[in-house]
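This report refers to the structure that appears directly beneath it.
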Amino acid sequence: MERVIEVAVWFISAALVFVSVPRSLYREAWISYLFMQALTWPMGLLAVQLGLLTYPSRFFAHALSTSLTYEFFALPCVSAIYNVRYPTSYPTIVKFAYTLSFVAVLTVGEVVLQKTTKLVAYIHWSWYVSFITISITLHLSYLFYKWFTKGSILDNKE
Amino acid sequence: MRLDINFLWYLVTCIVFFILLMMNITRHTLREAIVCFLVAQVVTWFFSTIFVELYWETCPVRLFPNATRTDFIGDYFTTPSICTLFYFQYIKHQKLRRILDIALFALADAIMIVLKNAYTDLRHYVPWAIPLHLLVFIPLLPCSVWFTRWFFKQSYPYGGIKDGTRN
């Protein structure tokens with residue numbers, strides 16, 4: 001069951017990127033993806049190293065105790081969609097709701113998986129820690145994205 | 001990690017590569033360096049995981065020993081740094097010299113891998129995995145350059161970043 005979910009996450013993440021990101025913004029999606037994996041890689045390792053949470057069922061279980069699916073692919077893909085689709089020209093309340101919806105979906109998804117599968121198990125962790133860390137990493141990724149695309153048409157559009 | 005050969009290896013390679021990167025990267029080439037570095041990182045993360053999973057390499061002494069059996073510093077920093085340094089050499093040169101660049105960087109990496117394998121506990125390869133590592137690493141050099149060039153092609157984004165690249 002866990003394997004099926006993990007494989008599904010790979011396909012769903014790829015499909016979401018494919019559907020949500022226009023071809024003309026592939027590079028923007030790439031840089032978001034690349035930056036996010038550079039963040040999630042050490043942070044995920046640190047969380048497992050400190051014994052805060054574990055991933056009992058995972059791919060490459062001998063090599064990694066972290067979740068390759070989540071940290072290498074799913075979260076960076078979500079970050080790519082988040083950055084590319086960010087409502088830059090909308091009021092702050094819309095931006096806030098946009099961010100909240102992404103973080104809420106990810107957190108609820110994680111909590112459901114935590115309760116019903118062996119994909120993730122909390123030790124010294126709670127849903128609100130996920131909520132906070134996902135919010136911070138997504139926003140960091142967006143700040144980096146904004147800096148990186150500064151001077152491009154995306155920046156001028158604002 | 002006590003002050004032994006493993007720690008010294010990490011310390012020296014990190015400092016040397018950091019200095020080399022600083023010498024090569026300017027404000028105007030920072031974005032190129034970031035793209036090249038990060039894309040190399042993705043590839044090294046993935047392939048390193050496969051190598052360790054298949055027992056082709058082991059990393060007895062490592063950072064985050066409870067969270068991973070791979071060589072985090074090597075994959076996260078050292079190898080991407082080599083690719084980034086290669087990028088800046090490669091774009092300066094013409095055809096024949098570029099082939100020489102690949103050969104030189106591959107040789108440098110091979111020497112590092114052999115030394116690391118023989119004198120430290122950071123990465124131990126099964127004998128035939130060293131050429132296999134090079135088989136992944138050598139194409140990674142031109143591929144990371146190719147990706148970075150593609151990324152900063154004049155079409156990006158609708159006319160190019162103004163202050164991020166030479167284009």
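Hey, could you check the stretch B:51-79 for residues that are surrounded by 19 or more Cβ atoms within 10 Å (Cβ to Cβ) and of a type in the set (S, T, N, Q) and say which is nearest to B:Cys14 (Cα to Cα)?
B:Thr78
Residue by residue through the stretch B:49-66, note down the ones that are over 20 Å from A:Ala47 (Cβ atoms), in contact with a Phe, Trp or Tyr (Cβ under 6 Å, 6 or more places away or on another chain) and at the interface with another protein chain (Cβ under 8 Å from one of its Cβ atoms).
Answer for the stretch B:49-66, where residues must be over 20 Å from A:Ala47 (Cβ atoms), in contact with a Phe, Trp or Tyr (Cβ under 6 Å, 6 or more places away or on another chain) and at the interface with another protein chain (Cβ under 8 Å from one of its Cβ atoms): just B:Glu53.
Only one residue in B:Ala40, B:Ala118, B:Ala108 is under 30 Å from A:Lys150 (Cα atoms), small (Gly, Ala, Ser) and either away from chain A (no Cβ under 14 Å) or out of contact with any Gly (no Cβ under 7 Å at 6 or more places or on another chain) (or both), so which one is that?
B:Ala40
Going residue by residue through the stretch B:93-112, is there one that turns out to be in contact with an Asp or Glu (Cβ under 9 Å, 6 or more places away or on another chain) and either surrounded by fewer than 19 Cβ atoms within 10 Å (Cβ to Cβ) or at pLDDT below 90 (or both)?
Of all residues in the stretch B:93-112, those in contact with an Asp or Glu (Cβ under 9 Å, 6 or more places away or on another chain) come to B:93.
Among the residues that remain, those that are also either surrounded by fewer than 19 Cβ atoms within 10 Å (Cβ to Cβ) or at pLDDT below 90 (or both) are: B:93.
Scanning the stretch B:93-112, I find at least one residue that is in contact with an Asp or Glu (Cβ under 9 Å, 6 or more places away or on another chain) and either surrounded by fewer than 19 Cβ atoms within 10 Å (Cβ to Cβ) or at pLDDT below 90 (or both), so the answer is yes.
Sort out for me the helices (runs of 4 or more DSSP H) sitting completely within the stretch A:1-120 that have 2 or more residues that are within 14 Å of chain B (Cβ to nearest Cβ) and among the small types (Gly, Ala, Ser).
Because the criterion is at least 2 residues that are within 14 Å of chain B (Cβ to nearest Cβ) and among the small types (Gly, Ala, Ser), the helices (runs of 4 or more DSSP H) in the stretch A:1-120 that meet it are A:26-49, A:75-84.
Can you name the residue in the stretch B:50-76 that is among the charged types (D, E, K, R) and assigned to a loop (DSSP other than H, G, I, E, B) and, of all such residues, is nearest to the chain's Cα centre (by Cα)?
If we take residues in the stretch B:50-76 being among the charged types (D, E, K, R) and assigned to a loop (DSSP other than H, G, I, E, B), then B:Asp71 is nearest to the chain's Cα centre (by Cα).
So B:Tyr90 clears everything in (1) surrounded by fewer than 19 Cβ atoms within 10 Å (Cβ to Cβ); (2) over 26 Å from A:Trp147 (Cα atoms) except one condition, right? Which one?
The failed condition is (1).
The values are calculated or read from the model by the stated rules, or taken from the named source; none is laboratory data. No experiment lies behind these values; they were computed from the predicted model shown. Note that we place each Cβ from the backbone using ideal geometry, even for glycine, and neighbour counts take in every protein chain shown.
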